[in-house]
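**Student:** Dropping the structure in here first, questions after.
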Amino acid sequence: MPALFNFEVHTPRRIFYSGRVQAIVIGLEDGEIGIYPNHSPFTAHSVTGTLRIKDNDGGWRSAFVCGGILEVKEHKNVLMVESADWPEEIDRQKVLEIKKQSEEILKNTQLKFEIDKAKKKLHHAECRLKVLDQEEGKKNKEA
């Protein structure tokens, strides 16, 4: 049996994930990192993007996570994020609509706060679409 470690993902609204895993892969401010059992302890800012979890059966699962803090400890690893979604929780049509609206705002406004807000929404939409595309690609390979 492979070595496992405890991993949790918390959002302000729920415990998104809690279980024993073989590995996780997540983006940090200075690049992507893989965490495996007995990893050295550290704390770092995570970036908005894809979280990949290798569960205790060896299967990989992807999720969208929105910025946060990753804390790696000896007995427990916790990712605290603003929000998190499994692919099946993401509405592709709604995300495409948000992406389109954000792109329109970026084309038609000069107000910095609107530009910053639209860039953030656009980035989140693109990351959600990436998670959906990864999951669809995985299902197509299995079929």
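Just so you know, all these numbers are worked out from the coordinates, no wet-lab data involved. Note that the structure is a prediction, hence the values are computed from the model and not measured. All Cβ positions, even for glycine, are placed from backbone atoms using ideal geometry, and neighbour counts span all protein chains on display.
**Student:** Would you point out which residue out of Glu89, Glu104, Glu126 is exposed (fewer than 13 other Cβ atoms within 10 Å of the Cβ), among the acidic types (Asp, Glu) and within 17 Å of the chain's Cα centre (by Cα)?
**Tutor:** On the way: Glu104 fails: within 17 Å of the chain's Cα centre (by Cα); Glu126 fails: exposed (fewer than 13 other Cβ atoms within 10 Å of the Cβ).
Step by step, each of Glu89, Glu104, Glu126 is checked, and only Glu89 is exposed (fewer than 13 other Cβ atoms within 10 Å of the Cβ), among the acidic types (Asp, Glu) and within 17 Å of the chain's Cα centre (by Cα).
**Student:** How many residues does the range 30-59 contain that are touching a residue at least 40 places away in the same chain (Cβ under 8 Å), more than 19 Å from Lys121 (Cα to Cα) and surrounded by 12 or more Cβ atoms within 10 Å (Cβ to Cβ)?
**Tutor:** Filtering the range 30-59 for residues touching a residue at least 40 places away in the same chain (Cβ under 8 Å) gives 35, 48-51, 53, 56, 58.
Keeping just the survivors that are more than 19 Å from Lys121 (Cα to Cα) gives 35, 53, 56, 58.
Those still in the list that are surrounded by 12 or more Cβ atoms within 10 Å (Cβ to Cβ) too: 35, 53, 56.
Residues meeting the conditions: 3.
**Student:** Which one of Ala84, Ala118, Ala23 is aliphatic (A, V, I, L, M) and part of a helix (DSSP H, G or I)?
**Tutor:** Exactly one residue qualifies, and that residue is Ala118.
**Student:** Enumerate the pairs (first residue in the range 72-93 and within 19 Å of Val47 (Cα to Cα); second residue anywhere and in a loop (DSSP other than H, G, I, E, B)) with beta-carbon separation below 6 Å, excluding pairs fewer than 6 apart on the same chain, so at least 6 apart or on different chains.
**Tutor:** From the range 72-93, the pairs are Val72/His39; Val72/Pro41; Val81/Thr11; Ser83/Thr11; Ala84/Thr11.
**Student:** Also, I was wondering about something else. Among the residues of the range 87-98, write down those that are in a loop (DSSP other than H, G, I, E, B) and either in contact with a strand residue (DSSP E or B) (Cβ under 6 Å, 6 or more places away or on another chain) or within 14 Å of Val65 (Cα to Cα) (or both).
**Tutor:** Within the range 87-98, the subset in a loop (DSSP other than H, G, I, E, B) is 90-91.
Result: Ile90, single match.
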